[in-house]
1. Which entries of Lys147/Lys232; Lys251/Lys323; Lys79/Lys147; Lys147/Lys258 have Cα-Cα distances beyond 30 Å here?
2. Note down the nm distance, to one decimal, between modelled labels 7 Å out along Cα→Cβ at Leu285 and at Thr44.
3. Using the Karplus curve 6.51 cos²θ - 1.76 cosθ + 1.60 with θ = phi - 60°, work out ³J(HN,Hα) for each residue of the stretch 301-306 in order, rounded to whole Hz, and write x for Gly and Pro.
4. Is the shape of the stretch 333-386 best called rounded, prolate or oblate, per the rule: a/c under 1.5 gives rounded, else a/b larger than b/c gives prolate, else oblate, with a ≥ b ≥ c the square roots of the Cα gyration tensor eigenvalues?
5. Could you tell me, in Å, what Rg and Dmax come out for the Cα atoms of the stretch 73-229?
6. Can you compute the modelled spin-label distance between Phe210 and Ser385, with each label point 7 Å from Cα toward Cβ, in nm?
7. Compute the length gained on full extension between Leu169 and Glu297: take 0.36 nm times their separation in residues and subtract their Cα-Cα distance, giving the result in nm to one decimal.
8. What distance in nm separates the two pseudo spin-label positions at Asp226 and Glu144, each 7 Å out from Cα along the beta-carbon direction?
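We did not get these values from a lab; they are worked out from the coordinates using the rules stated. Quick caveat, the model's predicted, so the values are computed rather than measured. Positions of Cβ are backbone-derived with ideal geometry, glycine not excepted, and every protein chain shown enters the neighbour counts.
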Amino acid sequence: MASVEDIYLFRHAVYRDVAYELQLPSERSQLHTAAISIAEQFFTNELHLVAAELATHAHRAQQGASAELLDQLAQTEFKYLLMQLEHEFQRAQWQTVTDIAAHARTCAGYNEAKHGKVCQMQARALENMGRRLEAESTWLEIAEHGKEVNNSEDVVAGLCGAGLCRIVLGRHDEAAEVFASAKAYAGGNTALRAQVLMDMSMLSNNQGDFAEHERLLFEALQLIGDADSKLKTGIRGNIANMYANTNRRPKAIRELVKLLAEFEELGDTRGVATANANLGRQLMLEGDFEQAIGHLERAIELATEIGIQRSVAFALANLAEIKLRTGDLDTGRVSAEQACALADEQGLPLYHAAYTCTLAMSHLLVGHETLANELVENARAEFVSV
């Protein structure tokens, strides 16, 4: 077990300064290798918390390492980069995710078998920052790599991801083409077919064919059965959104209440936070402000706890709307400002534009028409730019 002194040295990266006093190896490569060993002993159950440091130590240890250790250290570097990537992805730190993914792909120990996984996190991060063209390119890269290694799951994920990007970019015919290809690659795989149907439904939704949107979602739900619980939850979440978007809020609320209970039973904090935020919005739109506030505040608490700033911003923006509707204009303005700041900080232009409109309303309600108009124009320009 690592000593307290060892842990102190690891956390403060001062091995080279005290190597001689502690009679530790003085070769830099050996010092970094020793740091990895100490951390792996002490942080056995929390390695994700020090993954970034471990990846750095593994990278630096490769400089001057013996030939027999070089490959092992390169693989160790990639292992901890991947761990850090997954941790930051769960925390919705999108810019950090793209930076780590780009670095991981240049790592000497890069594992091609994990290419699809790394690129999917990178693509989703790019989407969440509004960088749709880059995301589309990354999704297509995933699909091509999947074809090369005969991985139908990556092919379908890549094609569907590109299709969803094209929908947002308004290229509906091109989206339909890649969805058709994805459907062909899915073949008889039930989970993949359900995934394609769920994503295809978004095209119908954006084209205003709400009946087809609903039909595809329920076909996907029936097809999946209990074969893939995570995908099934995703489909049900989309069904709840579909109800909300077609003014069937009571149905949306009932579905969200069920999903919230399931997430709580599973101990899925991220799911609980997201469900609370979405449920809070629907309750607000139904006029049940008291319950809405409770769910939105719970969403903020949980999302802050696990670092999902996107959900914090969403809940704050909805709280701002409630405050504006109930006459608490100062609090509403402050909440809207906080939501805008978080969206800007996280690199989420679409969300920032939406929250800017809420902020504009807060100024309009106190007679600041010129400022409100400026904010609306800024929001419009931001929407168009993405």
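1. Pairs exceeding 30 Å: Lys147/Lys258.
2. With each label placed 7 Å out from Cα toward Cβ, I get 5.0 nm.
3. For the stretch 301-306, the Karplus-derived couplings read 4, 6, 5, 5, 4, 9 Hz, x marking Gly and Pro.
4. Details: a/c = 3.14, a/b = 1.36, b/c = 2.30.
It is oblate, given that a/c is not under 1.5 and a/b is not larger than b/c.
5. 16.3, 55
6. With each label placed 7 Å out from Cα toward Cβ, I get 3.3 nm.
7. Taking 0.36 nm per residue and subtracting the Cα distance, the gain is 42.7 nm.
8. Going by the 7 Å Cα→Cβ label model, 4.3 nm.
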